[in-house]
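Every number in this text was worked out from the coordinates using simple rules, so none of it is lab data. Just so it is clear, the structure is predicted and the values come from calculations on it, not from any experiment. Quick reminder, even Gly has a Cβ in these numbers, built from the backbone with ideal geometry, and neighbours come from all protein chains shown.
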Amino acid sequence: MAVSGASTAGKGNVPRVLRKPKFARLRRPFLHASWHGPAPFYKGGRSPNRRDSRFMTKPRFKRVLLKLSGEVLMGDQQFGIDPEFVMELAREVRAAKESGLELCLVIGGGNIFRGMAGAAKGMDRAQADYMGMLATVMNALAMQNALEQLGVDTRVQSAIQMDAVCEPVIRRRAERHLEKGRVVIFAAGVGSPYFTTDSGAALRAAEMKCDALLKGTSVDGVYDSDPKTNPGAKRYDTVGYDTVLADNLKVMDASAVALCRDNDIPIVVFSIREKGNLARVLAGEGVQTTVKGNG
Ligand code: UDP
């Protein structure tokens, strides 16, 4: 059969127009976006809200590091990992990722083991801290599992090398993962005892040149006193690094706050326990405290 204008040279005798176009999957959304206005709502199939970043609120940051305390992985349990709750968190992370953000993750280990607690019961502090670091690797693997079940590509990089389960921390490689749209989960803190994952988060945020460090915890911001014991405690909308350090406000360890201050990285503290809060915070909405600047 002759097809007008179609070359039949090479590739057997199949006319070119009848061959499967090489970039069919790429071409259609590109045409909608550039020539035909916004992509239409598709009947059936995947909702555009889940996959199409153009339908989400524009994020105020390009690259962030999200630090989750280990205790949020417990859900309503007293200890350990609740896989259902980890999946809930992973959905929040996926939504953030799909807004076009480059995302690094650091997860604590307090749901499993804290060095200080071990030391208080007579253990050698450094030994106990190494156990705490191993706990953060377990949490990182749990989050990686949940994210990948949701179709989000991830890589775990650990500050304590363990080749069989994850990569070592290599900044340039992490950079490449982010470029490829993967979420990079940094485990084992800074890799040394006498530190915490807050310091690990500040360090990775600095070396990965993140626009902000988001700290997702069980409280909705930074208060001038403990809101659990003082019902009159006031929450800050913004507060300076030096006030946090001078007044010993419960945000992060002093070393983590100082590292963020010295590298001008805002710390956004918010509750990760409320559904949809991560997306709201990224859009500059919702309840949160930002630590930045002087004063
Ligand atoms: N840890 C450490 N060095 C690090 C990071 C963590 O020794 O760089 C240990 C430390 O014992 C800590 C534990 O790992 O208590 C778990 O981390 P963290 O307490 O920061 O977890 P979170 O409170 O965020 O759940």
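Could you derive backbone 3J(HN,Hα) for region 186-197 from the dihedral phi with the Karplus parameters 6.51, -1.76 and 1.60 (θ = phi - 60°), listing whole Hz in sequence and x where the residue is Gly or Pro?
Working through the residues one at a time gives 8, 10, 6, x, 8, x, 10, x, 6, 10, 10, 6 Hz.
Taking R0 as 41 Å, what's the FRET efficiency between GLN161 and ASN248 from their Cβ-Cβ distance, rounded to 0.05?
Step by step, r from the Cβ atoms, then E = 0.70.
Above 24 Å lies some portion of the pair distances; for region 56-291, what is it as a whole percent of all C-alpha pairs?
Numbers: 11285 of 27730 pairs.
Summing the P(r) of region 56-291 above 24 Å gives 41 percent of all pairs.
Going by how many other beta carbons lie within 10 Å of each one, how would you line up TYR241, TYR236, fewest first?
Neighbour counts put them in this order, fewest first: TYR236, TYR241.
Taking amide H positions as placed in the peptide plane 1.01 Å from N, state which residues far from ILE185 in sequence (5 or more) or on other chains have amide H under 5 Å from it.
LEU105, ARG155, VAL156, GLN157
Using a 7 Å offset from the Cα along the Cα-to-Cβ direction at both ARG176 and ASN145, what is the distance between the two label points in nm, to one decimal?
2.8 nm
Using packing as a proxy for protection, rank 60-70, 154-164, 266-276, 195-205 so that the peptide with the highest average count of other Cβ atoms within 10 Å comes first. Each step should come with its number before you reach the end.
Numbers: 60-70: 21.7, 154-164: 16.5, 266-276: 19.5, 195-205: 26.5.
The most tightly packed comes first, giving 195-205, 60-70, 266-276, 154-164.
What ³J(HN,Hα) values, in whole Hz, does the Karplus curve 6.51 cos²θ - 1.76 cosθ + 1.60 give for region 113-130 when θ = phi - 60°, with x put for Gly and Pro?
7, 10, x, 4, 5, x, 5, 4, 9, x, 6, 5, 4, 5, 4, 5, 5, 4
Looking at region 56-291 only, what percent of DSSP beta bridges run antiparallel? Nearest 5 please.
10 percent
Using amide H atoms built in the peptide plane, which far-off residues or other-chain residues are under 5 Å from GLY109 H to H?
For GLY109, whose amide H was placed from the backbone, the distant partners under 5 Å are GLY70.
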